[in-house]
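One structure is given below, encoded as structure tokens.
The values are calculated or read from the model by the stated rules, or taken from the named source; none is laboratory data. Please read these numbers as outputs of a predicted model, since none were measured by experiment. Reconstructed Cβ throughout: ideal geometry from the backbone, glycine too, with neighbour counts over all protein chains shown. Please note that ligands, DNA and RNA were not included when accessible areas were found on the heavy atoms of the full protein model with its side chains. Shrake-Rupley method; radii C 1.70, N 1.55, O 1.52, S 1.80 Å.
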Amino acid sequence: MKHPVGAVAVVALSLVVSSCTLLSPRHDPSRFYTLAARSSGGVPGSAGPSVVVGPVALPAYLDRNEIAVRVSPNELTYAQNERWAEPLVQNFTRVLVEDLGTALGSDRVATITTAPTLIPDYRIEVVVVRFEAGPDGSAQLTARWAVRDGAGKIQRIKQTQHQRQATGATTEGGVHALSAALADLADEMASVVRELGAERAQRAERS
């Protein structure tokens with residue numbers, strides 16, 4: 001049995017329309033976020049201590065593009081359409097360096113990858129235990145970190161926890177809160193570095 005020419009044309013046209021629909025670009029609902037350093041009113045100077053930050057280690061559950069949200073002590077969820085714009089460990093380290101430089105008033109703070117041959121006054125190694133937002137926008141940062149002198153000898157070992165509450169229960173609010181918690185960690189590190197510097201100056205005076 002032969003099909004009418006008109007029917008064949010309709011079928012062919014529908015196939016073309018269908019293929020165009022399949023190949024046409026689809027809207028991507030993804031949103032991308034980055035941590036942000038604390039804004040500073042001044043310019044860090046060269047008189048501050050030199051510090052190298054790294055390595056920084058994050059837990060494996062954070063090694064993914066999707067932003068982790070803590071919904072209970074034993075449960076995490078990942079926002080499929082809300083993602084980090086770059087690997088989180090790189091963003092975390094860069095912002096920590098910037099915040100630490102601001103807190104110390106020093107432009108001689110760098111990552112271990114950007115200053116591999118520098119012999120600094122201090123080195124700071126960081127192991128992040130928790131770094132996630134909650135469904136209400138709150139943020140928690142728990143980290144273990146060590147400060148070494150220029151010769152590599154450990155001067156301080158600390159485990160600290162910083163919590164921040166966002167102004168709104170949104171992913172953007174949670175990321176802002178995480179940035180604030182990271183700045184709090186940088187402030188704490190700066191206090192320890194200044195304390196060690198004062199102790200070094202006192203020993204130099206006595207010798």
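At-a-glance table
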{"read-out": "Where L178 falls short, out of the listed (1) more than 13 Å from the chain's Cα centre (by Cα); (2) assigned to a helix (DSSP H, G or I)", "value": "(1)"}
{"read-out": "Single residue of region 143-180 satisfying the filter (within 28 Å of P49 (Cβ to Cβ) and of a type in the set (A, V, I, L, M)) that is most open to solvent (accessible area, probe 1.4 Å)", "value": "I157"}
{"read-out": "Selection within region 181-207 - surrounded by fewer than 13 Cβ atoms within 10 Å (Cβ to Cβ) and either in a helix (DSSP H, G or I) or touching a Cys at 6+ places or on another chain (Cβ under 8 Å) (or both)", "value": "S191, A198, E199, A201, Q202, R203, A204, E205, R206"}
{"read-out": "Lone qualifier among D99, D136 - being acidic (D, E) and open to solvent by less than 60 Å² (accessible area, probe 1.4 Å)", "value": "D99"}
{"read-out": "Residue ID - nearest to the chain's Cα centre (by Cα), chosen from residues in region 136-171 that are among the hydrophobic types (A, V, I, L, M, F, W, C) and part of a strand (DSSP E or B)", "value": "L141"}
{"read-out": "Some residue of region 114-137 being among the polar types (S, T, N, Q) and touching a residue at least 12 places away in the same chain (Cβ under 8 Å)", "value": "no"}
{"read-out": "Neighbours by Cβ (under 8 Å, 6+ apart or cross-chain): first from region 146-166, in contact (Cβ under 8 Å) with a residue 12 or more places away in the chain; second open to solvent by 100 Å² or more (accessible area, probe 1.4 Å) and in a loop (DSSP other than H, G, I, E, B)", "value": "G150/I119"}
{"read-out": "Which numbered condition R83 misses (of (1) more than 23 Å from Y33 (Cα to Cα); (2) open to solvent by 30 Å² or more (accessible area, probe 1.4 Å))", "value": "(1)"}
{"read-out": "Test: residue in region 49-67 that is open to solvent by 50 Å² or more (accessible area, probe 1.4 Å), out of contact with any Phe, Trp or Tyr (no Cβ under 8 Å at 6 or more places or on another chain) and under 21 Å from Q165 (Cα atoms)", "value": "no"}
{"read-out": "Of residues in region 63-101 being modelled with pLDDT under 95, outside any strand (DSSP E or B) and out of contact with any strand residue (DSSP E or B) (no Cβ under 9 Å at 6 or more places or on another chain), the one nearest to A47 (Cα to Cα)", "value": "D63"}
{"read-out": "Region 23-51 - residue that is outside any loop (DSSP other than H, G, I, E, B) and either of a type in the set (V, I, T) or at pLDDT 85 or above (or both) and, of those, nearest to M189 (Cα to Cα)", "value": "V51"}
